[in-house]
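The values are calculated or read from the model by the stated rules, or taken from the named source; none is laboratory data. Given the structure is predicted, the values throughout are model-derived calculations rather than measurements. Neighbour counts run over all protein chains shown; Cβ positions are idealised from the backbone, glycine included.
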Amino acid sequence: MATLKKSARKKTASASASKNDNLQAQAEQMSKRLGESAQQVWLAGVGAFGRAQAEGTKLFETLVKEGLSLEQTTRKVAGGKAQAMRDAMETTVGQARERASDTWDRLEKVFEERVHRALRRLEVPSREDLSALIERVDALNAQLRTMGGAPATKPSRAKRSTKPAVKKPAPAAKKTPAKRAARKKAAP
């Protein structure tokens, strides 16, 4: 039995040795293949670098030309749109100004009308009323001169226009006899 064990040990040892040799051979082959693959990748990279260097300047110049043409096209499109936007804004601003001007004109007119009505209610004479009164006073003074009476002093037109006019209430319908007599004496 001892011989059997020894022979079995020899077989296992030789089988394991042959297995180890086989694995070692496979590992060496794989290592060799990996080295060759790495070498090929390295060479491919060096080749790409060389080609990029040779054709890089041509490619760069081509890309610059394409970039310029794209930029010009973009500027034309953007410039046209910017001009259109500018025109639209100017139109809108112009319309807003017109509306604001119209609104201010209407507001001013309404304000003037209300002030005019308020002054009428308070019986404050208007510019036309004062002009008519001045003309009437001038006419009366002219009549007095022709009748022989002379007015005390004739105020200048500039002084009359700056004084505030006060509208006197209309005289009462019934006049007292004393007032009638005073008027008759004043008129020759």
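Candidates in segment 82-134 are the residues that are in contact with a Lys or Arg (Cβ under 7 Å, 6 or more places away or on another chain) and not hydrophobic (A, V, I, L, M, F, W, C); of these, the one that is surrounded by the most Cβ atoms within 10 Å (Cβ to Cβ) is PRO125.
Considering each of LYS76, LYS6 in turn, give the residue that is in a helix (DSSP H, G or I) and either modelled with pLDDT of 85 or more or more than 42 Å from the chain's Cα centre (by Cα) (or both). Talk me through it step by step, then tell me what you get.
On the way: LYS76 fails: either modelled with pLDDT of 85 or more or more than 42 Å from the chain's Cα centre (by Cα) (or both).
Unique residue meeting the criteria: LYS6.
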